[in-house]
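Below: one structure, written as structure tokens.
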Amino acid sequence: MGEKKSTKEIAEIVAHSRYAQTKWAALSYKERQQRLKKAAQFLGDHVDEVTEIIHQDNGKVKLDALATEVLPAVMALSYYIKQGKRLCRDERIYGGNSLMFNKRSRITYKPYGVVGVISPWNYPFAIPFSEVVMALLAGNAVILKVASSTLKVGRILASVFAAAELPAGLFTYVEMPGKEAGAAFIHGGIDKLFFTGSTAVGRALMALAAPRLLPLVLELGGADAAIIRADADIEKAVNGMVWAGFSNAGQSCGGVQRVFVHNAIYEPFLQTLSSVTEILRVGDGRTGVISDHKGMDYDIGPMSSLKQKQAVAKQVEACLKMGAKVAAKSAGNLNDNSLLAPAIALTNVQRDMPIMKEEVFGPVLAVVPVYSDEEAVKLANESSYGLTASVWSRNRGLARKLAARINAGAVMINDHLMSHGLAETPWGGFGDSGLGRTHGAMGFHEMLKAQVIVDDTLPFVKRNLWWQPYSEKTYKGMRAITEMLAGTKLRNRIAAIPDVIKIFFRYWASH
């Protein structure tokens, strides 16, 4: 566990995994379920240890590590263990037309085989955890590669699944450079790839997978919008924006970035946002570098790397040069060499600024006044990304209608970002935010190939109506059926009945 692997070694791992997978898939769901329950027990017994490792390896504050990684993982494992059997079960397809009265169809699900998971550094535990759990319960083998900057989290993940006492080779944790992993997994022979990361890398992986027609699930970037209606609870909306925009130092693909506030409440909203933002405490509990406070009681942790912080600083500087203003700012300096970055709210923002067009993966919000719901929806949809969004309003019925008009894979009402923690809801986006879904029934079914089985319930018939030998009589009979189904004139449909009766007897006719 934890040894760096080469591209050639990945192919060998895939072959070994495939052998283990065939035996695993042959087990009953209950047997697979019992193994994964052991992983749940291990996780339950090591909550503090896992939380601390995420905190130390990623830098996010301990509460974020617990509330947005460990707790969702525990809830997800419980959900999938309970619901997986139902999600793997055959499904009956109800007939679509009386013409095919003798056909009974059902969908049966089969595991893909060997599933590859390449996970990110921003949620290094929760994101791969659910994917691995679903893959295993569905009968697949899994090869997991985590981000190179969070290898300690990868190793504790490996320990969690080792506790399940899985067959040798069924779950493999590997370490290798990110730039090599995609090609190694794809060329190594995996049967499906789950990737979470940047849109640019997602596109590159699609190109690599194309020659094999290898199926992919891509969870990519976001520049998510929140619509704050005139009837919103200002305090709740502000608290929601602060959490969804600044938690994890803003490094959440499903966090809020663009905030569209109705002009009627824009000023009080901005004042409240400023007062809350300015008292946020920024610190790094791993080093003891704390801004104006001591201990664990801080609100925003460090960014993942100086490179990431500098990228955000460049985007913010570009916005300021184009006329944006800093309306609110917490402690911290965006331009120093520490990993601590301030939470920032920008106003006077225009459509062509980076904050409106690009993914800004840091603690920065754009607060924009709007004058109607129509304008808010239009601006929210002016993005190539479509991962998540939110609508804030006391009128939940109207909020639901607005939510349905937003081009995003997940839209929350009076909340934001948290749907990733609901194991029962699918996660994924539109446009540049990716392909496919993880979580929920849709995510579970991404781990399975759907096969339709059509059964003829009249075994004593000799042939179908459309089988050879062909004749004018057969043509007239088939045309009569079509007339009865699609004809617009009643007299023509009635006139077709004799020919329909005649062709019906072909079921029993011999040559």
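The values are calculated or read from the model by the stated rules, or taken from the named source; none is laboratory data. Just so it is clear, the structure is predicted and the values come from calculations on it, not from any experiment. Cβ placement follows ideal geometry from the backbone for every residue including glycine, while neighbour counts extend to all protein chains displayed.
Among helices (runs of 4 or more DSSP H) entirely within the range 296-402, having at least 3 residues that are closer than 24 Å to Asn414 by Cα and not β-branched (Val, Ile, Thr) singles out 373-380. Would you confirm, using the coordinates I've provided, whether Tyr79 is at pLDDT 95 or above, out of contact with any strand residue (DSSP E or B) (no Cβ under 8 Å at 6 or more places or on another chain) and aromatic (Phe, Trp, Tyr)? Against the criterion (at pLDDT 95 or above, out of contact with any strand residue (DSSP E or B) (no Cβ under 8 Å at 6 or more places or on another chain) and aromatic (Phe, Trp, Tyr)), Tyr79 qualifies.
Exactly one residue out of Gly245, Gly301, Gly240, Gly254 is closer than 30 Å to Leu448 by Cβ and outside the structural domain of Asp191 (by TED's automatic domain parsing): that is Gly254.
If you go through the range 252-268 and keep only what is outside any strand (DSSP E or B) and buried (at least 24 other Cβ atoms within 10 Å of the Cβ), you end up with Ser252, Cys253, Gly254, Gly255.
Of the set (1) assigned to a helix (DSSP H, G or I); (2) at pLDDT below 90, all apply to His420 but (2). Within the option set Thr482, Thr488, being in a loop (DSSP other than H, G, I, E, B), over 30 Å from Ser247 (Cα atoms) and free of Cβ contacts under 8 Å to residues at least 12 places away in the same chain holds for one residue only, Thr488.
Residue-by-condition table, conditions (1) closer than 30 Å to Ile234 by Cβ; (2) surrounded by fewer than 18 Cβ atoms within 10 Å (Cβ to Cβ):
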{"residue": "His416", "(1), (2)": "yes, no"}
{"residue": "His420", "(1), (2)": "yes, no"}
{"residue": "Met447", "(1), (2)": "no, no"}
{"residue": "Gln451", "(1), (2)": "no, yes"}
{"residue": "Leu465", "(1), (2)": "no, yes"}
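For the range 431-477, what are the residues that are on the phi > 0 side of the Ramachandran plot and outside any loop (DSSP other than H, G, I, E, B)? Full working, then the answer.
The initial filter retains those residues of the range 431-477 that are on the phi > 0 side of the Ramachandran plot, namely 431, 434, 436, 439-440.
Result: Gly431, Gly434, Gly440.
Residue-level check: of (1) under 28 Å from Gly436 (Cα atoms); (2) touching a Lys or Arg at 6+ places or on another chain (Cβ under 8 Å); (3) among the β-branched types (Val, Ile, Thr), Ile344 misses just (1).
Which ones in the range 405-462 are β-branched (Val, Ile, Thr) and in contact with a helix residue (DSSP H, G or I) (Cβ under 7 Å, 6 or more places away or on another chain)? Spell out how you get there, then give the answer.
So the first thing to find is which residues in the range 405-462 are β-branched (Val, Ile, Thr), and the list is 406, 411, 413, 425, 438, 452-454, 457, 461.
Hits for the range 405-462 are Ile406, Val411, Ile413, Thr425, Thr438, Val461.
Every test in (1) of a type in the set (Ser, Thr, Tyr); (2) in contact with a helix residue (DSSP H, G or I) (Cβ under 7 Å, 6 or more places away or on another chain); (3) over 19 Å from Leu205 (Cβ atoms) is passed by Ser148 save one, and that test is (3).
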